Amino acid sequence: MRYRSLGEHPIEVSEVGLGTWQAGGSILLGGAPTGYGAVPRSEAKRGIERALDAGVNFFDTADSYGLGRAERILGEVVGPRRGQVVLATKCGWVPDGIERWTKDLSREHIHAAARRSATRLRVDTLDLLQLHAIPDEGAETDRALDALDELKASGLIRLGGVSVGTDYEAGVRLLGSGRVDVVQATFNLLQQGALTELLPAALEHRVAVIASIPLAYGFLSGRYTRKTEFPPDDWRSSLTREEVEARVARAEEFRFLSTDGGRTLMEAALLFTLSHPAVAATIPGFRSPEQVDGLVGSLRTPALTDIEIARARELGRSRTAGAPVPG
C-alpha cells in the first residue's frame, strides 16, 4: 500500500481508501431506493477487515448511508484497531421521512451530528468531518464553517471539510475561503469536471482532494453491459435503458487504458484518479471482500503513462454523468 498526506496536515492516508455508501444498504424516499441494495452486515464487515489487512487506513462514510448503518458497521470493525485508521464522515443531508433529502447545516445540527457519528463509530475524535450538503454562499457558509471550527477547538474533530460532488464551482468558492482542510469531489474518467478549476485551486491552496465515485457508480468496473438490469432496491434501477447503454458505451471508450497497459478497466480508472497531484486518496465502494481485493490490487498494476493520461483527459473533456443525492 502507498500513502499520501492530507494536504499540509500530518495525516497520511492510503492512496486507495474505502467508501461505505454500499455498506449502508438502501432506504426508500419517495418510493425510490437511495443506495445500492442490501449488503449483509457480515459481508460488509469482512470487506472492511480485508481492507485493513491489506494496509488500507482511510475509510469514508456519512450519517446518511443507511441512516447510520454504515457508521455502526465501520465502528464495530475498526474499534479494536482505532490507532491504524483515519475515519472521515459527513453530515448535512437529512431525510424528511417520506419523500426527499433536506439540507440542515445549522450549528446545532452539525454539532449534534458530529456527536452521533462519533458514538456510532465508537471514537472520541473524528479525524475528518465534511459538510455533505453544500452551504449557500454568504451567511450559511460562515455559520457552517464556524461550527466546524468550534468542533475542532473542542477536540471532537481533527479536520473539517466539504463534499461537493460535481458542484466544482462551489468547491472552488469554499477553497477560496481558506477555511476547509479537505475537499471531496466526484472525479473519474466519465466525470472529469474537477480538472478545470477545482484541482488546480486545491493545489494552489494546498488542500487535499478526496476523489469520490472513482468507478462512476460501477460503470467503470467492467462488470456491466448494455443489457444489465439492476435490482429494484438499487438506485441505478431508475436509469432508463438508454441511460445504461450510454454509460456503458462511454466507459468502453476508455478500454484502451486496459488493453494497451496490461490492466483491467477498473484498475485503470482508479489509477487515473490518483494521477493528479492534488488527489490524496480515491475512495471506491464495495459490496464484498473479493471486490476489496480487486480495488487494492490496482496499485500493483503498471502506472498510467503521461500519454495515456493526456489521451484520457482529452477524451473525457466536458463530458459528465449525473449523480443522485447524497452520493
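The values are calculated or read from the model by the stated rules, or taken from the named source; none is laboratory data. Model, not experiment: these values are computed from the prediction. Every residue, glycine among them, receives a Cβ derived from its backbone with ideal geometry; neighbour counts consider all protein chains shown. Side chains included, ligands, DNA and RNA excluded: accessible areas come from the protein's heavy atoms. Shrake-Rupley method; radii C 1.70, N 1.55, O 1.52, S 1.80 Å.
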_I'd like the accessible area for Thr20: 1.4 Å probe, protein heavy atoms, all chains in place, Å² to the nearest 10._
0
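How much of the pair distance distribution for the stretch 121-160 lies past 11 Å, counting alpha-carbon pairs only, in percent?
Numbers: 493 of 780 pairs.
Tail of P(r) above 11 Å: 63 percent of Cα pairs.
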*asked:* Give the average over all directions of the projected area of the C-alpha convex hull of the stretch 104-238, one decimal, in nm².
replied: 9.9
*May I ask which residue of Val162, Met266, Asn188 lies farthest towards the positive end of the charge dipole of the chain, with charges of +1 (Lys, Arg) and -1 (Asp, Glu) on Cβ and the Cα centre as origin?*
Met266
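Go through the stretch 90-156 and name the GluC sites (Glu not before Pro) that are in a DSSP coil and have 16 or fewer other Cβ atoms within 10 Å of their Cβ. Spell out each step's value before the answer.
Working: sites: Glu99, Glu108, Glu137, Glu140, Glu150; in loops: Glu99, Glu137.
The qualifying sites are Glu99, Glu137.
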*Positive end of the charge dipole of the stretch 85-150 (Lys, Arg +1 and Asp, Glu -1 on Cβ, about the Cα centre): tell me which of Ala147, Thr125, Pro135 has its Cα farthest that way.*
Thr125
*Please state, rounded to one decimal and in Å, the Kirkwood hydrodynamic radius that the stretch 1-101 gives when every pair of distinct Cα atoms enters the mean of 1/r.*
14.4
*Shape of the stretch 205-304 from its Cα gyration tensor (a ≥ b ≥ c, root eigenvalues): rounded if a/c is under 1.5, otherwise prolate when a/b > b/c, or oblate?*
prolate
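At 0.36 nm per residue, minus the direct Cα-Cα distance, what do Thr240 and Arg311 gain on full extension? Give it in nm, one decimal, please. Write out the running numbers ahead of the final one.
Details: separation 71, 0.36 × 71 = 25.56 nm, distance 2.94 nm.
Contour length minus Cα-Cα distance gives 22.6 nm.
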*Leaving ligands, DNA and RNA out of it, work out the accessible area of Ser5 with a 1.4 Å probe and give it in Å² to the nearest 10.*
60
*How many percent of the accessible area of the chain is carbon or sulfur, using a 1.4 Å probe?*
49
*asked:* Starting from 0.36 nm per residue, how many nanometres of slack lie between Arg226 and Asp293 once their C-alpha separation is accounted for?
replied: 21.5 nm
*What list of ³J(HN,Hα) couplings, whole Hz, do you get for the stretch 62-79 from phi and the Karplus terms 6.51, -1.76, 1.60, once you set θ to phi - 60° and write x for glycine and proline?*
6, 5, 7, 6, x, 6, x, 4, 4, 5, 5, 4, 4, x, 5, 7, 7, x
*With the dipole of the chain worked out from charges on the C-beta (+1 for Lys and Arg, -1 for Asp and Glu) around the Cα centre, which of His9, Ala202, Ser288 lies farthest toward the positive end?*
Ser288
*Using DSSP, restrict attention to beta bridges with both residues in the chain and report what percent are antiparallel, rounded to the nearest 5.*
30
*Treating only the Cβ atoms of Lys and Arg (+1) and Asp and Glu (-1) as charged, compute the dipole magnitude of the chain about its Cα centre; round to the nearest 20 debye.*
740
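Could I get the Rg over Rh figure for the chain? Both from C-alpha atoms, Rh via Kirkwood, rounded to two places. Each step should come with its number before you reach the end.
Working: Rg = 18.4 Å, Rh = 19.7 Å.
Ratio of gyration radius to Kirkwood radius: 0.93.
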*With labels modelled as points extended 7 Å from the Cα through the Cβ direction, what inter-label distance (nm, one decimal) is found for Ala249 paired with Ala153?*
5.6
*Once amide H atoms are placed 1.01 Å from N in the peptide plane, what residues at a sequence separation of 5 or more from Val86, or on another chain, have their amide H within under 5 Å of its amide H?*
Phe58, Phe59
*Does a label point 7 Å from the Cα of Ala139, set along Cα-to-beta-carbon, have any residues of the stretch 90-114 with amide nitrogen under 14 Å, and which are they?*
106-107
